[in-house]
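This report concerns only the one structure given below.
Every read-out reported here was derived from the displayed coordinates using simple, explicitly stated rules and does not represent laboratory data. Values in this document were obtained by computation on a predicted structure and should not be read as measured data. Don't worry about glycine lacking a Cβ; one is built from the backbone with ideal geometry, like all the others, and counts go over all protein chains shown.
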Number of protein chains: 4
Amino acid sequence: MPERRRGAPRSEAARMRILEATARLFATRGYDHLTIEGIAGEAGVAKQTIYRWWRSKAALVSECLLEGMLIPDRLLIPDTGDLRADLVDWLDRVLGVLAAPGGEGLVRSLIAAATEDPEIGRRLRASLGGDESLEGRLASGVAAGQLRADAPLAEIGEALVGAVLLRALGGIAVEDADAERLVAVVLG
Amino acid sequence: MPERRRGAPRSEAARMRILEATARLFATRGYDHLTIEGIAGEAGVAKQTIYRWWRSKAALVSECLLEGMLIPDRLLIPDTGDLRADLVDWLDRVLGVLAAPGGEGLVRSLIAAATEDPEIGRRLRASLGGDESLEGRLASGVAAGQLRADAPLAEIGEALVGAVLLRALGGIAVEDADAERLVAVVLG
Amino acid sequence: MPERRRGAPRSEAARMRILEATARLFATRGYDHLTIEGIAGEAGVAKQTIYRWWRSKAALVSECLLEGMLIPDRLLIPDTGDLRADLVDWLDRVLGVLAAPGGEGLVRSLIAAATEDPEIGRRLRASLGGDESLEGRLASGVAAGQLRADAPLAEIGEALVGAVLLRALGGIAVEDADAERLVAVVLG
Amino acid sequence: MPERRRGAPRSEAARMRILEATARLFATRGYDHLTIEGIAGEAGVAKQTIYRWWRSKAALVSECLLEGMLIPDRLLIPDTGDLRADLVDWLDRVLGVLAAPGGEGLVRSLIAAATEDPEIGRRLRASLGGDESLEGRLASGVAAGQLRADAPLAEIGEALVGAVLLRALGGIAVEDADAERLVAVVLG
DNA sequence: GCGTAAACGAGACGGTACGTCCAGTCTTATA
DNA sequence: TATAAGACTGGACGTACCGTCTCGTTTACGC
């Protein structure tokens, strides 16, 4: 017999309306113009309903990130068998987001959110190409003999993603060969 | 006879009190608990005096950064002739700041400031080991034949500094061999 | 055959816990810091159980008043045969409550409750010395020939109780001879 | 040389807009539907400007009362030389306010305000016929030999005004002869 | 006894207002 | 004209309760 809490159960509808409103406002206004009050209004929800389930704006964004509502899914790493080409391809697309109108704002907003909650930082690393995709692809490269077995995969990932963040922060223009050069650096 | 504006000249004393107050509060409270009002109070200055000379909190922090009031100066890169050893040494010290109490907060605060002003991002990259020191050291490594002449120095620097930022964001604990591994990644 | 509704009957235990909690909180925190939520918590009862049986905080207080849970019962009027002495004695004790620590707060709270529900006003007038006691005592004075037969008993009572309320509202300190003077005014 | 504070002086325009808005909303909605936010909105003023100068809703109402913005000024006591007739006349008008539509609400609201701030209680007693008018008229009655020289004027006033308040609280309907009876009670 | 309808505890929900903080602008008097 | 002081509008903060609502549980009548 399962222990059941009493009282009305949490409203899934409200939860989704809140997350969707958060994602919508995050995309349009950016992280630091995001307000709890604005989200509540957009979601048609009482502020208290937000505070009941999330400790802060950052926690809300973190959950959105986890649900994949903030980062476009076209940033997955392909696996054609050629590790270097796949990395360059992927990095080109990531840097392309930076170059796109609003794209830099998106990444900066994600970083801003991460400065308030380490969990976001970790999820950002994972989502932008961390455990599931980037490191997985690197591991697959190891299996294919395109990378030494003892290569520090985590550090390679960090170097790539970190370089992207740094560019977003600095507002540095992206050139065509950048992806190639970066990949060359970390793959040797 | 030089054209001179009339009225009182800008008070250098006020400017310094403001910058010092900013640096002090930045270090103790972090960037997002930094307020113009708080700075004005701490500096014994009217809010308007701040708004007259700086456009925003970020601009204020940016100037502090430029004056070297935010980042400890022990992060310079040595030049013993051995590029790899020097980089590991420097990176160890940088990561050591992250591990030190308050150190992670400092870096996160710097990143938070950078998300509001690209100029801060660029200065951060420069200060944390950019143009003056890191890339200079790499160039010196090229001259010493320890790095290929066509090595993409900027990208190597980005990868290293970016990895540091990413770790600060994720609150990832630092291990002893991390510096060595990261340097190995970017130097091949 | 009596029409009987089905389902569980009203819980007398819950009713009493609610009234007692109300009286307790009314006495300690005063009427305007009284909240339905607080009462429910104190009584170990669901909010809905309160709303099911009472329309408002004021109705709740009104019932407490009716049950004699709010006003100390030492305020009854004696009947020694000497009307004037009895009134002075009683008024002395009433004003004594005002002067006692917390006593003024009690009366002010009762007045505050009365402003939200005329029924409370009427019960207050009755409880503080209205129909059952004060006017009864006055009528007994008429019978004893100490008051003219056509004396406006209701108005005499109103004047006395009203003066007490006014003093409570104004926070006016009470002197020894006040009771005597007031009685002298209304008895001529 | 007068000690002068620096900084902008208090805005008299804002002060008046706030007091007028308070009086307007007090009259239309009553004391307990009065909100600081509502007043600020009605007055076109920031909430903080209210909190800067008044500690509470009650303090605001108290100042309105002092400025004579809440109580109609037709409640002054005449002095025709006949004390009893003048009192009956005045009391008739006061009770008339109670009987008028909205009048009872006004008095109840004033009482509600007084329960939160003794100062309001005192001003209420004064305004409704206290020191300036009622007691003055009584003193004049003493001079005219219509009242004994040692008559407790304060208590007579309290009894009259208190009776009015009590009626307002109880929602008791007013009859024609009530004023006469009440005056008869207190004048003997 | 057994179904069922109401009462009950718990507590989530959309709201309103609270009192505080700070942003950025403005108005003074002084230097 | 720059400054210290500080009042001003505006807006978001996070909290406290409101009164309503849904849950699952308990209770006692009427079949």
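One table, with the values for the structure above:
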{"item": "Globularity index of region A:36-106, i.e. its alpha-carbon radius of gyration over 2.2 N^0.38 Å", "result": "1.55"}
{"item": "Equivalent ellipsoid, region B:66-129 (semi-axes from 5 times Cα gyration tensor eigenvalues, Å)", "result": "23, 14, 10"}
{"item": "Chain C: relative contact order in percent, alpha carbon pairs under 8 Å with at least 6 residues between", "result": "21"}
{"item": "Kyte-Doolittle mean at least 1.6, axial Cα span of 27 Å or more - DSSP H helices of chain C", "result": "none"}
{"item": "For the protein assembly as shown, the Rg and Dmax computed from alpha carbons only, in angstrom", "result": "39.3, 127"}
{"item": "Proximal lysines relative to residue D:47, as straight alpha-carbon distance under 26 Å, when same-chain residues fewer than 8 apart are discounted", "result": "A:47, A:57, B:47, B:57, D:57"}
{"item": "Residue of C:158, C:67, C:119 that the Gaussian network model of chain C assigns the largest fluctuation, springs spanning Cα pairs under 10 Å", "result": "C:67"}
{"item": "Solution diffusion estimate, µm²/s, Stokes-Einstein, region B:47-188, Kirkwood Rh from C-alpha pairs, 25 °C, viscosity 0.890 mPa s", "result": "154"}
{"item": "Average beta carbon contacts from partner chains per residue of B:106-113, 10 Å cutoff", "result": "3"}
{"item": "C-alpha center-to-center spacing [region D:1-62, region C:101-157] in angstrom", "result": "38"}
